[in-house]
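Notes for the one structure printed next.
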(Lines give C-alpha, C1' and ligand atoms only; values in the text may rest on other atoms or scores of the structure.)
Protein backbone atom coordinates (compact mmCIF):
# COMPACT_ATOMS: atom_id res chain seq x y z
CA UNK A 1 0.00 0.00 0.00
CA UNK A 2 1.16 3.54 -0.77
CA UNK A 3 2.37 5.30 2.38
CA UNK A 4 1.14 8.90 2.64
CA UNK A 5 3.06 11.59 4.51
CA UNK A 6 2.56 15.25 5.39
CA UNK A 7 5.29 17.54 4.06
CA UNK A 8 3.78 21.01 4.47
CA UNK A 9 1.40 22.81 6.83
CA UNK A 10 -0.33 26.17 6.75
CA UNK A 11 -2.25 27.15 9.89
CA UNK A 12 -4.00 30.13 11.41
CA UNK A 13 -5.73 30.35 14.76
CA UNK A 14 -6.49 33.05 17.29
CA UNK A 15 -2.98 32.31 18.64
CA UNK A 16 -1.34 33.17 15.32
CA UNK A 17 0.59 31.19 12.72
CA UNK A 18 1.66 27.54 12.83
CA UNK A 19 4.77 28.24 14.89
CA UNK A 20 3.05 30.79 17.14
CA UNK A 21 0.09 28.51 17.80
CA UNK A 22 2.26 25.54 18.74
CA UNK A 23 4.54 27.61 20.98
CA UNK A 24 1.68 29.32 22.79
CA UNK A 25 -0.25 26.08 23.28
CA UNK A 26 2.87 24.49 24.77
CA UNK A 27 3.22 27.51 27.06
CA UNK A 28 -0.36 27.02 28.25
CA UNK A 29 -1.68 30.24 26.70
CA UNK A 30 -5.16 30.84 25.35
CA UNK A 31 -6.14 33.06 22.44
CA UNK A 32 -9.71 33.50 23.71
CA UNK A 33 -10.59 37.07 24.65
CA UNK A 34 -13.82 38.81 25.58
CA UNK A 35 -15.04 40.39 22.35
CA UNK A 36 -18.19 42.12 21.17
CA UNK A 37 -18.06 42.09 17.35
CA UNK A 38 -21.84 42.56 17.08
CA UNK A 39 -23.75 45.12 19.21
CA UNK A 40 -26.80 42.85 19.58
CA UNK A 41 -24.75 40.33 21.58
CA UNK A 42 -23.01 40.80 24.92
CA UNK A 43 -19.22 40.40 25.13
CA UNK A 44 -18.29 36.72 24.85
CA UNK A 45 -15.04 34.73 24.96
CA UNK A 46 -14.15 34.40 21.28
CA UNK A 47 -11.08 33.41 19.29
CA UNK A 48 -10.74 36.18 16.71
CA UNK A 49 -7.63 36.28 14.54
CA UNK A 50 -7.81 40.04 14.05
CA UNK A 51 -9.94 42.80 15.54
CA UNK A 52 -12.92 41.92 13.31
CA UNK A 53 -14.37 38.58 12.14
CA UNK A 54 -12.52 36.95 9.24
CA UNK A 55 -13.84 35.45 6.02
CA UNK A 56 -12.77 32.48 3.89
CA UNK A 57 -11.25 34.85 1.34
CA UNK A 58 -9.06 36.27 4.12
CA UNK A 59 -7.78 32.90 5.29
CA UNK A 60 -7.63 30.36 2.45
CA UNK A 61 -4.99 32.02 0.22
CA UNK A 62 -2.67 32.56 3.20
CA UNK A 63 -2.93 28.95 4.33
CA UNK A 64 -2.31 27.57 0.84
CA UNK A 65 0.72 29.83 0.35
CA UNK A 66 2.22 28.86 3.70
CA UNK A 67 1.55 25.14 3.24
CA UNK A 68 3.24 25.13 -0.18
CA UNK A 69 6.20 27.17 1.05
CA UNK A 70 6.60 24.82 4.02
CA UNK A 71 6.61 21.86 1.63
CA UNK A 72 9.03 23.66 -0.70
CA UNK A 73 6.61 23.47 -3.61
CA UNK A 74 5.71 26.12 -6.15
CA UNK A 75 2.32 27.78 -6.26
CA UNK A 76 1.48 26.49 -9.75
CA UNK A 77 1.17 22.77 -9.12
CA UNK A 78 0.15 20.19 -11.67
CA UNK A 79 -1.32 16.84 -10.66
CA UNK A 80 -2.51 18.25 -7.34
CA UNK A 81 -5.91 17.55 -5.79
CA UNK A 82 -7.73 19.87 -3.40
CA UNK A 83 -9.89 18.47 -0.61
CA UNK A 84 -10.77 21.45 1.55
CA UNK A 85 -14.00 21.92 3.49
CA UNK A 86 -15.84 24.26 5.82
CA UNK A 87 -18.99 23.66 7.83
CA UNK A 88 -20.11 27.31 7.83
CA UNK A 89 -18.47 28.34 4.55
CA UNK A 90 -19.54 31.88 3.57
CA UNK A 91 -22.46 32.10 5.98
CA UNK A 92 -21.25 35.49 7.21
CA UNK A 93 -21.45 36.92 3.69
CA UNK A 94 -24.99 35.60 3.22
CA UNK A 95 -26.03 37.19 6.51
CA UNK A 96 -24.68 40.53 5.31
CA UNK A 97 -26.53 40.18 2.02
CA UNK A 98 -29.77 39.29 3.78
CA UNK A 99 -29.56 42.33 6.06
CA UNK A 100 -28.68 44.81 3.30
CA UNK A 101 -31.47 47.26 2.28
CA UNK A 102 -31.13 46.19 -1.35
CA UNK A 103 -29.38 42.80 -1.52
CA UNK A 104 -26.62 42.80 -4.14
CA UNK A 105 -26.65 39.27 -5.55
CA UNK A 106 -24.42 39.82 -8.57
CA UNK A 107 -21.60 37.79 -7.01
CA UNK A 108 -23.66 35.15 -5.22
CA UNK A 109 -21.69 32.36 -6.93
CA UNK A 110 -18.68 33.44 -4.88
CA UNK A 111 -20.51 32.59 -1.65
CA UNK A 112 -21.51 28.97 -2.27
CA UNK A 113 -20.63 26.27 0.32
CA UNK A 114 -17.68 24.88 -1.67
CA UNK A 115 -15.88 28.24 -1.76
CA UNK A 116 -12.99 27.11 0.47
CA UNK A 117 -12.06 24.43 -2.06
CA UNK A 118 -12.59 26.88 -4.94
CA UNK A 119 -10.25 29.45 -3.38
CA UNK A 120 -7.61 26.79 -2.68
CA UNK A 121 -7.84 25.54 -6.27
CA UNK A 122 -7.48 29.06 -7.61
CA UNK A 123 -4.41 29.59 -5.43
CA UNK A 124 -2.58 26.75 -7.20
CA UNK A 125 -3.78 27.66 -10.67
CA UNK A 126 -6.41 24.93 -10.85
CA UNK A 127 -6.64 21.45 -9.34
CA UNK A 128 -6.69 18.05 -11.00
CA UNK A 129 -9.51 17.16 -8.59
CA UNK A 130 -11.42 19.49 -6.28
CA UNK A 131 -13.64 18.30 -3.43
CA UNK A 132 -15.42 20.14 -0.61
CA UNK A 133 -16.66 17.60 1.97
CA UNK A 134 -18.83 18.81 4.85
CA UNK A 135 -19.45 16.65 7.90
CA UNK A 136 -20.07 19.33 10.54
CA UNK A 137 -17.28 19.44 13.13
CA UNK A 138 -15.71 16.27 11.67
CA UNK A 139 -15.06 18.03 8.33
CA UNK A 140 -11.32 18.61 8.74
CA UNK A 141 -10.48 14.98 9.51
CA UNK A 142 -12.81 13.74 6.77
CA UNK A 143 -11.01 15.96 4.23
CA UNK A 144 -7.58 14.61 5.22
CA UNK A 145 -8.86 11.04 4.95
CA UNK A 146 -10.36 11.68 1.51
CA UNK A 147 -7.15 13.30 0.26
CA UNK A 148 -5.10 10.40 1.59
CA UNK A 149 -7.29 8.00 -0.38
CA UNK A 150 -6.64 9.96 -3.58
CA UNK A 151 -2.87 9.65 -3.06
CA UNK A 152 -3.13 5.92 -2.30
CA UNK A 153 -5.22 5.37 -5.40
CA UNK A 154 -2.54 7.26 -7.37
CA UNK A 155 -5.13 9.70 -8.69
CA UNK A 156 -2.79 12.61 -7.96
CA UNK A 157 0.79 13.20 -6.82
CA UNK A 158 -0.02 15.86 -4.24
CA UNK A 159 -3.11 16.88 -2.34
CA UNK A 160 -4.00 19.96 -0.33
CA UNK A 161 -6.25 18.82 2.50
CA UNK A 162 -7.86 20.52 5.45
CA UNK A 163 -10.62 22.86 6.53
CA UNK A 164 -11.09 26.55 7.27
CA UNK A 165 -13.75 28.22 9.37
CA UNK A 166 -14.87 31.82 9.86
CA UNK A 167 -17.82 31.05 12.16
CA UNK A 168 -18.17 34.21 14.21
CA UNK A 169 -21.41 35.57 12.75
CA UNK A 170 -24.65 36.72 14.38
CA UNK A 171 -26.59 33.65 13.23
CA UNK A 172 -23.94 31.21 14.49
CA UNK A 173 -23.78 32.95 17.87
CA UNK A 174 -27.57 33.03 18.13
CA UNK A 175 -27.87 29.35 17.24
CA UNK A 176 -25.40 28.12 19.83
CA UNK A 177 -26.82 30.56 22.36
CA UNK A 178 -30.33 29.15 21.86
CA UNK A 179 -28.93 25.64 22.39
CA UNK A 180 -27.33 26.74 25.66
CA UNK A 181 -23.95 25.59 24.32
CA UNK A 182 -22.00 28.86 24.48
CA UNK A 183 -19.70 29.51 27.41
CA UNK A 184 -19.89 32.89 29.11
CA UNK A 185 -16.41 32.83 30.63
CA UNK A 186 -14.06 30.62 28.56
CA UNK A 187 -13.48 27.12 27.26
CA UNK A 188 -12.48 24.41 29.76
CA UNK A 189 -12.60 20.95 28.18
CA UNK A 190 -13.05 18.04 30.62
CA UNK A 191 -13.19 20.47 33.59
CA UNK A 192 -15.69 20.29 36.42
CA UNK A 193 -16.41 23.99 35.79
CA UNK A 194 -16.93 23.65 32.03
CA UNK A 195 -20.01 25.46 30.78
CA UNK A 196 -19.87 25.26 27.01
CA UNK A 197 -17.84 25.99 23.91
CA UNK A 198 -16.17 29.21 22.81
CA UNK A 199 -16.09 29.86 19.07
CA UNK A 200 -12.78 30.42 17.34
CA UNK A 201 -11.66 31.27 13.81
CA UNK A 202 -8.98 29.51 11.84
CA UNK A 203 -8.03 26.42 9.96
CA UNK A 204 -5.25 24.33 8.54
CA UNK A 205 -4.21 23.07 5.12
CA UNK A 206 -1.82 20.12 4.83
CA UNK A 207 0.29 19.04 1.86
CA UNK A 208 0.01 15.28 1.36
CA UNK A 209 2.11 13.11 -0.93
CA UNK A 210 3.46 9.58 -1.08
CA UNK A 211 6.48 8.68 1.01
CA UNK A 212 8.32 7.78 -2.20
CA UNK A 213 7.64 11.23 -3.67
CA UNK A 214 8.71 13.02 -0.49
CA UNK A 215 11.94 11.03 -0.20
CA UNK A 216 12.78 11.55 -3.87
CA UNK A 217 12.76 15.31 -3.48
CA UNK A 218 14.29 15.32 0.02
CA UNK A 219 11.22 16.88 1.64
CA UNK A 220 10.79 17.41 5.36
CA UNK A 221 8.27 14.92 6.75
CA UNK A 222 6.06 15.72 9.73
CA UNK A 223 4.61 12.23 9.95
CA UNK A 224 2.64 9.52 8.18
CA UNK A 225 -1.13 9.48 7.82
CA UNK A 226 -2.33 6.15 9.09
CA UNK A 227 -5.93 5.02 8.68
CA UNK A 228 -9.32 6.13 9.87
CA UNK A 229 -12.70 4.98 11.03
CA UNK A 230 -15.89 6.89 10.29
CA UNK A 231 -19.42 6.23 11.47
CA UNK A 232 -22.64 8.12 12.08
CA UNK A 233 -24.96 7.76 15.08
CA UNK A 234 -27.95 9.07 13.09
CA UNK A 235 -29.82 9.33 16.38
CA UNK A 236 -30.15 13.09 17.00
CA UNK A 237 -29.50 16.32 15.14
CA UNK A 238 -27.02 17.58 17.76
CA UNK A 239 -26.82 15.34 20.85
CA UNK A 240 -24.37 12.41 20.74
CA UNK A 241 -25.78 8.92 21.12
CA UNK A 242 -25.85 7.84 24.75
CA UNK A 243 -24.67 4.28 24.09
CA UNK A 244 -21.40 5.28 22.36
CA UNK A 245 -21.74 2.26 20.08
CA UNK A 246 -21.22 4.08 16.80
CA UNK A 247 -18.36 6.24 18.09
CA UNK A 248 -16.67 3.19 19.57
CA UNK A 249 -16.90 1.43 16.22
CA UNK A 250 -15.20 4.36 14.45
CA UNK A 251 -12.21 4.14 16.80
CA UNK A 252 -12.04 0.35 16.59
CA UNK A 253 -12.10 0.43 12.78
CA UNK A 254 -9.35 3.04 12.76
CA UNK A 255 -7.14 0.90 15.00
CA UNK A 256 -7.84 -2.29 13.02
CA UNK A 257 -7.01 -0.66 9.69
CA UNK A 258 -3.86 0.85 11.21
CA UNK A 259 -2.85 -2.59 12.59
CA UNK A 260 -2.60 -1.04 16.05
CA UNK A 261 -3.69 -2.26 19.44
CA UNK A 262 -5.16 0.34 21.82
CA UNK A 263 -2.03 0.19 23.99
CA UNK A 264 0.10 1.22 20.98
CA UNK A 265 -1.43 4.72 21.03
CA UNK A 266 0.62 7.07 23.21
CA UNK A 267 -1.35 10.29 22.70
CA UNK A 268 -4.94 11.22 21.85
CA UNK A 269 -5.93 14.66 20.67
CA UNK A 270 -9.51 14.70 21.90
CA UNK A 271 -12.40 16.60 20.35
CA UNK A 272 -12.97 18.12 23.82
CA UNK A 273 -15.39 20.98 23.20
CA UNK A 274 -16.02 21.98 26.82
CA UNK A 275 -19.72 21.11 26.60
CA UNK A 276 -21.24 18.85 29.24
CA UNK A 277 -22.39 15.99 27.00
CA UNK A 278 -19.52 15.87 24.49
CA UNK A 279 -16.80 15.73 27.13
CA UNK A 280 -18.63 13.13 29.19
CA UNK A 281 -19.24 10.93 26.16
CA UNK A 282 -15.66 11.26 24.90
CA UNK A 283 -14.09 10.61 28.30
CA UNK A 284 -16.14 7.42 28.62
CA UNK A 285 -15.02 6.30 25.17
CA UNK A 286 -11.34 6.77 25.99
CA UNK A 287 -11.72 5.02 29.34
CA UNK A 288 -13.50 2.07 27.72
CA UNK A 289 -11.05 1.55 24.85
CA UNK A 290 -7.60 2.65 25.99
CA UNK A 291 -5.27 1.95 28.91
CA UNK A 292 -5.10 4.61 31.67
CA UNK A 293 -1.57 5.55 30.59
CA UNK A 294 -2.56 7.14 27.25
CA UNK A 295 -1.92 10.91 27.29
CA UNK A 296 -4.94 13.09 26.44
CA UNK A 297 -5.49 16.73 25.60
CA UNK A 298 -7.82 19.00 23.65
CA UNK A 299 -6.40 22.31 22.43
CA UNK A 300 -9.81 24.04 22.21
CA UNK A 301 -9.10 25.71 25.54
CA UNK A 302 -6.39 27.60 23.65
CA UNK A 303 -7.86 28.04 20.15
CA UNK A 304 -11.59 27.91 20.80
CA UNK A 305 -13.87 25.61 18.83
CA UNK A 306 -13.27 26.17 15.12
CA UNK A 307 -16.14 23.84 14.19
CA UNK A 308 -15.42 22.22 10.82
CA UNK A 309 -11.75 23.21 10.99
CA UNK A 310 -11.19 21.75 14.46
CA UNK A 311 -10.18 18.31 13.17
CA UNK A 312 -7.63 19.81 10.77
CA UNK A 313 -6.09 21.85 13.60
CA UNK A 314 -6.15 18.76 15.84
CA UNK A 315 -4.37 16.77 13.12
CA UNK A 316 -1.65 19.43 12.97
CA UNK A 317 -1.21 19.23 16.75
CA UNK A 318 -0.76 15.46 16.41
CA UNK A 319 1.82 15.89 13.64
CA UNK A 320 3.80 18.50 15.56
CA UNK A 321 3.75 16.29 18.64
CA UNK A 322 5.25 13.48 16.54
CA UNK A 323 7.78 15.70 14.78
CA UNK A 324 8.97 17.40 17.96
CA UNK A 325 8.46 14.44 20.29
CA UNK A 326 6.56 16.63 22.71
CA UNK A 327 3.15 16.37 24.37
CA UNK A 328 1.06 19.59 24.33
CA UNK A 329 -0.87 20.46 27.49
CA UNK A 330 -4.57 20.66 28.25
CA UNK A 331 -4.79 24.46 28.45
CA UNK A 332 -6.88 25.77 31.34
CA UNK A 333 -7.19 22.45 33.15
CA UNK A 334 -7.48 22.87 36.93
CA UNK A 335 -10.00 20.37 38.27
CA UNK A 336 -10.69 17.56 35.78
CA UNK A 337 -13.99 15.76 36.13
CA UNK A 338 -12.70 12.56 34.54
CA UNK A 339 -9.98 10.11 35.47
CA UNK A 340 -7.82 10.42 32.36
CA UNK A 341 -4.11 11.03 31.89
CA UNK A 342 -4.44 14.70 30.93
CA UNK A 343 -1.22 16.48 30.00
CA UNK A 344 -0.79 19.20 32.63
CA UNK A 345 2.17 20.90 30.97
CA UNK A 346 4.20 20.36 27.81
CA UNK A 347 6.80 17.64 28.19
CA UNK A 348 9.12 15.51 26.02
CA UNK A 349 7.73 12.09 25.14
CA UNK A 350 8.75 9.21 22.89
CA UNK A 351 5.82 9.19 20.46
CA UNK A 352 5.27 6.74 17.62
CA UNK A 353 1.49 6.44 17.22
CA UNK A 354 -1.07 9.14 17.96
CA UNK A 355 -4.80 9.48 17.40
CA UNK A 356 -7.04 12.42 16.56
CA UNK A 357 -10.76 12.28 17.36
CA UNK A 358 -13.54 14.38 15.87
CA UNK A 359 -17.29 14.40 16.46
CA UNK A 360 -19.94 16.47 14.70
CA UNK A 361 -23.63 17.30 14.75
CA UNK A 362 -25.78 14.61 13.24
CA UNK A 363 -23.71 11.95 15.01
CA UNK A 364 -20.57 12.18 12.86
CA UNK A 365 -17.66 10.22 14.38
CA UNK A 366 -14.11 10.19 13.01
CA UNK A 367 -10.86 8.72 14.32
CA UNK A 368 -7.64 9.22 12.36
CA UNK A 369 -4.20 7.85 13.28
CA UNK A 370 -0.76 9.30 12.57
CA UNK A 371 2.63 7.65 12.86
CA UNK A 372 6.14 8.97 13.25
CA UNK A 373 8.30 8.61 10.14
CA UNK A 374 11.53 7.01 11.34
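The values are calculated or read from the model by the stated rules, or taken from the named source; none is laboratory data. Predicted model only: the values in this text are computed from it and were never measured. Positions of Cβ are backbone-derived with ideal geometry, glycine not excepted, and every protein chain shown enters the neighbour counts.
When segment 259-274 is limited to residues that are assigned to a loop (DSSP other than H, G, I, E, B) and farther than 17 Å from residue 288 by Cβ, the one that is modelled with the highest pLDDT turns out to be 266. Looking at the structure I just gave you, is residue 69 farther than 22 Å from residue 139 by Cα, under 22 Å from the mean Cα position of the chain (by Cα) and not in a loop (DSSP other than H, G, I, E, B)? When the stated conditions are applied, residue 69 passes them. Annotation note: of 180, 162, the sole residue that is assigned by TED's automatic domain parsing to the domain that holds residue 99, more than 13 Å from residue 305 (Cβ to Cβ) and without any contact (Cβ under 8 Å) to a residue 40 or more places away in the chain is 180.
For residue 141, are the conditions met, namely being assigned to a helix (DSSP H, G or I), under 23 Å from residue 199 (Cα atoms), in the same structural domain as residue 184 (by TED's automatic domain parsing) and without any contact (Cβ under 8 Å) to a residue 24 or more places away in the chain? When the stated conditions are applied, residue 141 does not pass them. Quick one: would you say residue 87 is within 17 Å of the chain's Cα centre (by Cα), more than 19 Å from residue 125 (Cβ to Cβ), at pLDDT below 95 and assigned by TED's automatic domain parsing to the domain that holds residue 142? It is true that residue 87 is within 17 Å of the chain's Cα centre (by Cα), more than 19 Å from residue 125 (Cβ to Cβ), at pLDDT below 95 and assigned by TED's automatic domain parsing to the domain that holds residue 142. Evaluating residue 221 against the criteria (1) in contact with a strand residue (DSSP E or B) (Cβ under 6 Å, 6 or more places away or on another chain); (2) part of a loop (DSSP other than H, G, I, E, B); (3) at pLDDT below 95 leaves one unmet condition, (3). Among the conditions (1) crowded, with 19+ Cβ neighbours inside 10 Å; (2) under 22 Å from the mean Cα position of the chain (by Cα); (3) assigned to a helix (DSSP H, G or I), the only one that residue 93 does not satisfy is (2).
Across segment 100-133, the number of residues qualifying as over 21 Å from residue 73 (Cβ atoms) and buried (at least 20 other Cβ atoms within 10 Å of the Cβ) comes to 3. When segment 144-181 is filtered for residues that are touching a helix residue (DSSP H, G or I) at 6+ places or on another chain (Cβ under 7 Å) and surrounded by 24 or more Cβ atoms within 10 Å (Cβ to Cβ), the ones remaining, listed by number, are 144, 159, 160, 161, 162, 163, 164, 165, 166, 167. Restricting attention to segment 338-374, the residues being touching a residue at least 40 places away in the same chain (Cβ under 8 Å), over 21 Å from residue 29 (Cα atoms) and not in a strand (DSSP E or B) number 11. Residue check: residue 187 meets all listed conditions (1) surrounded by fewer than 23 Cβ atoms within 10 Å (Cβ to Cβ); (2) touching a helix residue (DSSP H, G or I) at 6+ places or on another chain (Cβ under 7 Å) but one, namely (1).
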